[in-house]
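The values are calculated or read from the model by the stated rules, or taken from the named source; none is laboratory data. Model, not experiment: these values are computed from the prediction. Cβ: placed from backbone, ideal geometry, glycine included. Neighbour counts: every protein chain shown.
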Amino acid sequence: MQILIVDDLQTDRFIFKKILQPDFSVMTLSSPTEARAYARSRTFEVALINVELRNDLDGIELLDDLRRLNPQPFDAIAIVEDFDDRQYRQLLRAGFKDVMRKPFDRLQFESILGQSASEAA
């Protein structure tokens, strides 16, 4: 399973990759610009997007762009430091499958996807 991770914090990208590999194929990117370029030429099954990106787009706008650019359907999961019920509903309406808090929890991730790493391999 190919997972795209977009987070502007280098430490968080490293943690996501360390937790998910080698069971998943992981591409980590630091900006919406990089993510859009990646989606133009490659497909992925899951996108983990920090919705509080500090660069040129927020996570909801980035999700819309990725859906337009990537011909293959994919699951999107929002990553946030913290959220309330209003923000949770807003992210689901925007097209995210679910919302996860940092720090990243692999078991929660697999539960959201409805499969274990062994099934994904």
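Going residue by residue through the stretch 30-45, is there one that turns out to be assigned to a strand (DSSP E or B), of a type outside the set (S, T, N, Q) and out of contact with any Ser or Thr (no Cβ under 7 Å at 6 or more places or on another chain)?
no
Cβ-Cβ under 9 Å, sequence separation 6+ or interchain: first residue in the stretch 6-27 and in contact (Cβ under 8 Å) with a residue 40 or more places away in the chain and in a loop (DSSP other than H, G, I, E, B), partner loosely packed, with under 15 Cβ neighbours inside 10 Å and of a type in the set (A, V, I, L, M, F, W, C). Which pairs?
Pairs that qualify, where the first residue is in contact (Cβ under 8 Å) with a residue 40 or more places away in the chain and in a loop (DSSP other than H, G, I, E, B) and the partner is loosely packed, with under 15 Cβ neighbours inside 10 Å and of a type in the set (A, V, I, L, M, F, W, C), are Asp23/Ala121; Phe24/Ala121.
Against the definition (in contact with a strand residue (DSSP E or B) (Cβ under 6 Å, 6 or more places away or on another chain) and among the small types (Gly, Ala, Ser)), how does Ala37 come out, yes or no?
no
With touching an Asp or Glu at 6+ places or on another chain (Cβ under 8 Å), within 22 Å of Gln10 (Cβ to Cβ) and modelled with pLDDT under 95 as the only criterion, which of Leu62, Leu113, Leu53, Leu48 stands out?
Leu53
Can you tell me how many residues within the stretch 55-91 are of a type in the set (A, V, I, L, M, F, W, C), part of a loop (DSSP other than H, G, I, E, B) and under 19 Å from Leu113 (Cα atoms)?
Of the residues in the stretch 55-91, 1 are of a type in the set (A, V, I, L, M, F, W, C), part of a loop (DSSP other than H, G, I, E, B) and under 19 Å from Leu113 (Cα atoms).
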